1. Over the Cα atoms of segment 241-280, what radius of gyration and what Dmax do you get, in Å?
2. Name the residue from Ser199, Leu217, Val175 whose Cα lies farthest towards the positive end of the charge dipole of segment 168-235, charges +1 on Cβ of Lys and Arg and -1 on Cβ of Asp and Glu.
3. Report the normalised scattering of segment 95-155 as log10 I(q)/I(0) at q = 0.24, 0.30 Å⁻¹, calculated by the Debye formula with identical scatterers on the alpha carbons.
Amino acid sequence: MTKRRPDDADCFVADLRPPRKLCRFDKWPPWTLANNFDLTLDERTALASDKMLISVFNDWDVSFNPQLTENEIGGLIGMRTGVPAPHLNSFNFSYTTISDAFIFAFCRFAPELTQIRLDGCQRLSDNALRLLADGCPKLTVLSLAKCEWVTDQGVEALSRLPQLQAVDLSDCRKVTGDSLTLLVERCLLVQTLRIGGTSVDAVALSNIVSLLLLVELDVSGLPFDDHHLRALAHSQPILQRLNVSFCYDITEAAFVEFAVESNVREIKAFGLIAAKLVISKPDLRIIS
């Protein structure tokens, strides 16, 4: 039985700078195998041999298919031909079993790739991020949520991608403020940043607030306090979505002040008592 697609709230969204475009994974590509756990071997073989699929689609989603082998995925998208596919634009590999060796071949196959999602891919390493940084220099959107193998070395490699506009490092617990500071210093186009569940410290959080012009920020569970919140209100005029869930250093007074004075339209604040207060602001949604 095919599982339903996730709600839009679960998808990775990234607003881009003018001209106003939206780089997002919740607008699913025209061809998807997502969540098809029940595909038989014959069905997978038939799909892999369909050359029409290979040549037509620019955006692919094979997420949540741990039963697909690397050879099957490679055959499905035409990697076996050995001919680069500059038409490929975005790919979602989340929760598949691809390895660094696959990423090496994939970068040579899709050098024009702009978006990739690798959430929960546990067979990869920092070397995969080095390969992406060198082989896909046009990447604008990169999602690595729940990839516990990501370390500072991998994030430092990502800092070589100057066109990055959206980065999701949620629950990458080995990532610290050192590498993230380097990333925001070099990738000034980043507008969507999700770093909740990392090991980023208060100093790095201050750097993020001061260096980037953000549309979405997730700092859930980090040492994000009143000082950071006030700085955010004054330095981030286009910020639309903020996640400060379980940021227990935020006081009620600072939370209310930020909610009233900022332009933010959505605040996630699970675990914060202040989020239960009644704030009269029609265009603000508080989720707690």
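1. Just the Cα atoms of segment 241-280 yield Rg and Dmax of 9.1, 23 Å.
2. Val175
3. -1.03, -1.53
Taken together, the values in this text are just the output of simple stated rules run on the coordinates, not laboratory data. Since the model is a prediction, treat every value here as computed from it, not as a measurement. Backbone-built Cβ (ideal geometry, glycine too); neighbour counts: all protein chains shown.
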